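Below you'll find the structure, written out as structure tokens, and then a few comments.
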Amino acid sequence: GDYSCSFTYSAQGGTNEQWQMNVGVSEDNGLFSCSIWRPQGKSYLFFTQFKAEVKGAKIEYAMAYSQAAVGAQNDIPLKQEEFEITETTVSHREGKFRFELSKLMIVAKTPRDEL
């Protein structure tokens, strides 16, 4: 539709890691979601930077995780100081980010036409 999500990053290491990206729109078109994650749980990539950007919507909620849930393991969120959220982007925070990323979730509100 009118919304998009892009993920750019630079990383070192890791071999043949499988990653997934899902995008979706709620039934009433009010929310747009974007998730990027490694289904196997923890990524062994050494991320030097990352940025996810949504177009056509404003971020309501976002969270980044150093480890994604797998089996009995839970998601492990990054510390708040490791990343920053603006109206349209979620990105690493220079000097604070500890180079681990396994999952990123974004929920954005779509613009409503006022009646």
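The values are calculated or read from the model by the stated rules, or taken from the named source; none is laboratory data. Just so we're clear, the structure is a prediction, and the values are computed from it rather than from any experiment. Using ideal geometry, Cβ is built from the backbone for each residue, glycine included, and neighbour counts are taken over all protein chains shown. The area values use the complete protein model at the heavy-atom level, side chains included, leaving out ligands, DNA and RNA. Shrake-Rupley method; radii C 1.70, N 1.55, O 1.52, S 1.80 Å.
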(request) Name the most mobile residue of Gln49, Gln20, Gln67, meaning the one with the largest mean-square fluctuation, in a Gaussian network model of the chain with Cα contacts below 10 Å. (result) Gln20
(message) Using a 10 angstrom Cβ neighbour count of at most 16 plus a DSSP loop assignment to flag exposed GluC sites (Glu not before Pro), which longest range of the chain is free of such sites?
(response) 28-86
(request) Please name whichever of Val25, Phe50, Ser4 sits farthest to the positive end of the charge dipole of the chain, dipole taken about the Cα centre and charges placed at Cβ: Lys and Arg +1, Asp and Glu -1. (result) Phe50
(request) Multiply the residue separation of Thr48 and Lys109 by 0.36 nm, subtract the distance between their alpha-carbon atoms, and state the gained length in nm to one decimal. (result) 19.1 nm
(message) Out of the chymotrypsin sites (Phe, Trp or Tyr not before Pro) in segment 69-115, which ones are loop residues according to DSSP with at most 16 other C-beta atoms within 10 Å?
(response) Phe99
(request) Taking the Cβ of Asp75 as the centre, find all other residues whose Cβ is under 13 Å away and add up their charges (Lys, Arg: +1; Asp, Glu: -1). (result) +2
(request) Just subtract the alpha-carbon distance of Asp28 and Glu87 from 0.36 nm times their residue separation and send over the number in nm, one decimal. (result) 19.1 nm
(message) Can you tell me the length gained on complete extension of the stretch Ser6 to Met21, counting 0.36 nm per residue apart and subtracting the Cα distance?
(response) 4.4 nm
(message) What distance in nm separates the two pseudo spin-label positions at Tyr61 and Lys96, each 7 Å out from Cα along the beta-carbon direction?
(response) 2.1
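Percent relative contact order of the chain, based on C-alpha pairs within less than 8 angstrom and at least six residues apart?
Numbers: 265 pairs, mean separation 36.6, N = 115.
Relative contact order of the chain: 32 percent.
Counting pairs of alpha carbon atoms under 8 Å apart in space and at least six apart in sequence, what relative contact order in percent does segment 2-64 give? If you can, show how the numbers build up before the last one.
Values: 85 pairs, mean separation 30.3, N = 63.
Contact order relative to length: 48 percent.
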(request) For the chain, set up a Gaussian network in which alpha carbons nearer than 10 Å are linked by springs, and say which option among Ala57, Ala68, Ala11 fluctuates the most. (result) Ala11
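Would you work out what percent of the accessible area of the chain, with all protein chains in place, is carbon or sulfur (probe 1.4 Å)?
Values: 3380 of 7180 Å².
Carbon and sulfur atoms account for 47 percent of the accessible area of the chain.
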